């Protein structure tokens, strides 16, 4: 039987749908009291088990009779106030997951990492799975947490657990646009005026779920696979969304000096509103940089073709337009 950690989250919910589509027996793990509304329409197909990844005992109990695991539970945040939470859940949580796998003799762990775990260095543009982590101001706390989590997975492989890792870039999906990358769509919907220089690497959530499932029984051991469909400038990304929303696109590029001011304001605003900041000092440092994450390994090794960018954007924008019809 398969277990999915963080099954109620954005990616976890799509992996659950992938398992349902393939008639695979599974259990869905979540924290007690978590919102499961992303899976309301398929609730009758789901067996839930409550287990916080920070609770090693509960997690071990939840893995009873489990043979394969998708580990998606994590926090994606660049908010400096959440740095400790990010490190705890992404690193310690992964440690508990791999230990529970080892204790129960799990046959295979598919760990959802991030391209951020591959590290970024000044003047570097091309990054593939072999990239070595080097401390750099271009690396975020989130990136560090995912890199340290990968070390836990590599350690488990050495101790006998079969593992493989998928490293997605920014995941695009119809979702709660008050959270994560979905905020980018709301930013355009609200006709905000500013944008930053630089590039966005993106991938459709359906592609990430499909690749995760394919890796479950793939012969690769302790390997990474980048899941990124391509990259696009923020200016073009916002313009593409604006056209589909019939909205005005952000048209004023923020300078480096203004970015630090905006980052400080965003941190203050997010703390007051209880939301994630759109720009932080960490993300501001990436302004003007271009990183391309090479997807050749996954395309050739798994004979995989990613969703076209416009198709993904159309899917997302239709969802947000329908959901917000009549709202100003």
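The values are calculated or read from the model by the stated rules, or taken from the named source; none is laboratory data. Please read these numbers as outputs of a predicted model, since none were measured by experiment. Cβ sites come from the backbone with ideal geometry, for glycine too, and all protein chains shown count toward neighbours.
Miscellaneous remarks
- Residues of segment 69-84 classified as modelled with pLDDT of 95 or more and either under 13 Å from the mean Cα position of the chain (by Cα) or surrounded by fewer than 21 Cβ atoms within 10 Å (Cβ to Cβ) (or both), total: 5
- Restricted to segment 17-38, and to residues there that are exposed (fewer than 14 other Cβ atoms within 10 Å of the Cβ) and part of a helix (DSSP H, G or I), the residue that is modelled with the highest pLDDT is 21.
- The conditions of being touching a residue at least 12 places away in the same chain (Cβ under 8 Å), loosely packed, with under 14 Cβ neighbours inside 10 Å and under 28 Å from residue 165 (Cα atoms) are met by residue 310.
- Here residue 41 meets the list (1) in a loop (DSSP other than H, G, I, E, B); (2) at pLDDT below 95 almost entirely, failing just condition (1).
- Residue 223 passes every criterion in (1) in contact with a strand residue (DSSP E or B) (Cβ under 9 Å, 6 or more places away or on another chain); (2) within 26 Å of residue 163 (Cα to Cα); (3) free of Cβ contacts under 8 Å to residues at least 40 places away in the same chain apart from (3).
- Within segment 26-47, residues that are under 16 Å from residue 63 (Cα atoms) have Cβ atoms under 8 Å from residues that are loosely packed, with under 11 Cβ neighbours inside 10 Å in these pairs: 26/47; 27/47; 28/47, counting only partners at least 6 apart in sequence or on another chain.
- Selected residue (only one of 264, 270, 255, 251 is farther than 27 Å from residue 229 by Cα, at pLDDT 70 or above and exposed (fewer than 15 other Cβ atoms within 10 Å of the Cβ)): 255
- Residue tally, condition part of a loop (DSSP other than H, G, I, E, B) and under 12 Å from the mean Cα position of the chain (by Cα), over segment 213-234: 1
- Some residue of segment 276-298 being part of a helix (DSSP H, G or I), closer than 30 Å to residue 158 by Cβ, under 20 Å from the mean Cα position of the chain (by Cα) and without any contact (Cβ under 8 Å) to a residue 24 or more places away in the chain: no
- Whichever residue in segment 299-310 is in contact with a strand residue (DSSP E or B) (Cβ under 8 Å, 6 or more places away or on another chain) and assigned to a helix (DSSP H, G or I) and, among such residues, is farthest from residue 142 (Cα to Cα): 301
- Residue list for segment 1-16, restricted to those being assigned to a loop (DSSP other than H, G, I, E, B), crowded, with 16+ Cβ neighbours inside 10 Å and in contact (Cβ under 8 Å) with a residue 40 or more places away in the chain: 6, 7, 9
- Residue list for segment 178-212, restricted to those being surrounded by 20 or more Cβ atoms within 10 Å (Cβ to Cβ) and in a loop (DSSP other than H, G, I, E, B): 196
- Which listed residue is in contact with a helix residue (DSSP H, G or I) (Cβ under 8 Å, 6 or more places away or on another chain) and loosely packed, with under 12 Cβ neighbours inside 10 Å, from 221, 282, 325: 221
- Residue in segment 170-177 that is surrounded by fewer than 16 Cβ atoms within 10 Å (Cβ to Cβ) and either more than 17 Å from the chain's Cα centre (by Cα) or touching a residue at least 24 places away in the same chain (Cβ under 8 Å) (or both) present: no
- Among the residues of segment 251-274, those that are under 21 Å from residue 238 (Cα atoms), out of contact with any helix residue (DSSP H, G or I) (no Cβ under 7 Å at 6 or more places or on another chain) and assigned to a loop (DSSP other than H, G, I, E, B) comprise 251, 255.
- Selection from segment 230-250 of residues that are free of Cβ contacts under 8 Å to residues at least 60 places away in the same chain, within 19 Å of residue 199 (Cβ to Cβ) and touching a helix residue (DSSP H, G or I) at 6+ places or on another chain (Cβ under 8 Å): 237, 238, 242
- Checking the stated criteria, residue 142 turns out to be assigned to a helix (DSSP H, G or I), out of contact with any strand residue (DSSP E or B) (no Cβ under 8 Å at 6 or more places or on another chain) and surrounded by 20 or more Cβ atoms within 10 Å (Cβ to Cβ).
- Unmet requirement for residue 101, which otherwise passes all of (1) surrounded by 20 or more Cβ atoms within 10 Å (Cβ to Cβ); (2) in contact with a strand residue (DSSP E or B) (Cβ under 7 Å, 6 or more places away or on another chain); (3) more than 30 Å from residue 1 (Cα to Cα): (3)
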